[in-house]
Amino acid sequence: MAPKLILRGVLVGAVAGLLAFVFARIFAEPVIGRAVDYESAREAAQNALDKAAGLATYPAEHDVFSRTVQANLGIGVGLIGFGAAMGTLFAVVYTICLGRTGRTQPGPLALLVALGGFLAFYLVPFVKYPANPPAIGHEDTIKERSGLYLLMIVASIAFLALAVVVGRRLQARMGTWNATLVAGAAFVVLIGILMAVLPQVGMLATNVRNYGAHATETPLPLTDGKGTIVFPGFPADDLYQFRFYSVAAQLILWAAIGLLFAPLARRLLAPAAVRPASDATVV
């Protein structure tokens, strides 16, 4: 039974990734394009300032793949592959939870696991370290940023699993509703403590070239030696739109996984139905 569930998870995840790609291609990709254009123009302005000051300049880097390939094939393959991977993990967790969640039916269980995946894999880490457009964020901090984000994902998954175990242990004593509230509160407290301990990503960008001496990850306005602004900071509207569309794309992905997997699981796990009349011997 487990291999059949996992296979369905892979297929459902790929379809969910395709849906997320369609959404991202329509809404998020134009914002990414503007971010790439901003980065190129800012680098040109910085090189002009450096040249005027007699400093070394850096030639523009050429992309291995064109923007057309990145905006279509690249993001499409990436999201479909990511969806298939998340669908696989979803099916594994679903298989583990199956039969261990009391009277929860296969369909509702799929929706609950998908909700947990969205919270643990994306939304909770996003609250601490929100997404930036690919062209925004200094390359010198990428290792630190990646490590902190991965730590948030691992901790979020671990705390969510712990909350589920605590809720199950307290269910018999406190009832389902009260046990759920206690477990949820414990999860929020643990995540809150971790978020308070971990540093803000912006602190990693302090004193980094092109970003100024302020605690911010996205570029501030570029100024000349007299303090005159010669190039604006990254547009706040574009940053907001990208983060909003990022959350929406992930919500579409996980919602599609749960909604598409639920009827497949019900059909696969349903007890043997009564044979139709056509299978009976007619006397």
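General observations
- Kirkwood Rh in Å, taken over all unlike Cα pairs in the stretch 116-196: 13.9
- Remark: the Thr68-Val166 segment gains 30.4 nm on full extension, using 0.36 nm per residue and subtracting the alpha carbon distance.
- Relative protection proxy for 147-157, 115-125, from highest mean packing down: 115-125, 147-157 (other beta-carbon atoms within 10 angstrom).
- The label point for Met174 and the one for Val77, both projected 7 Å from the Cα toward the Cβ, are 4.9 nm apart.
- Spacing of the two label points (7 Å from each Cα toward its C-beta) at Tyr240 and Thr57, in nm: 3.6
- Percentage relative contact order, the stretch 67-178, counting C-alpha pairs under 8 Å, at least six apart: 23
- Rounded accessible area per residue of the stretch 1-128, 1.4 Å, Å²: 55
- FRET efficiency, Ala270 to Val154 (Cβ-Cβ, R0 35 Å, nearest 0.05): 0.45
- Accessible surface of the stretch 153-200, 1.4 Å probe: 75 percent of it comes from carbon and sulfur atoms.
- Added length on full extension, which subtracts the Cα-Cα distance from 0.36 nm per residue, Ala2 to Leu49: 10.8 nm
- Potential lengthening between Val230 and Arg25 on full extension [0.36 nm per residue; Cα-Cα distance subtracted]: 70.6 nm
The values are calculated or read from the model by the stated rules, or taken from the named source; none is laboratory data. Quick caveat, the model's predicted, so the values are computed rather than measured. Quick reminder, even Gly has a Cβ in these numbers, built from the backbone with ideal geometry, and neighbours come from all protein chains shown. Just so you know, the surface numbers come from the protein's heavy atoms only, side chains and all, with ligands and any DNA or RNA stripped out. Shrake-Rupley method; radii C 1.70, N 1.55, O 1.52, S 1.80 Å.
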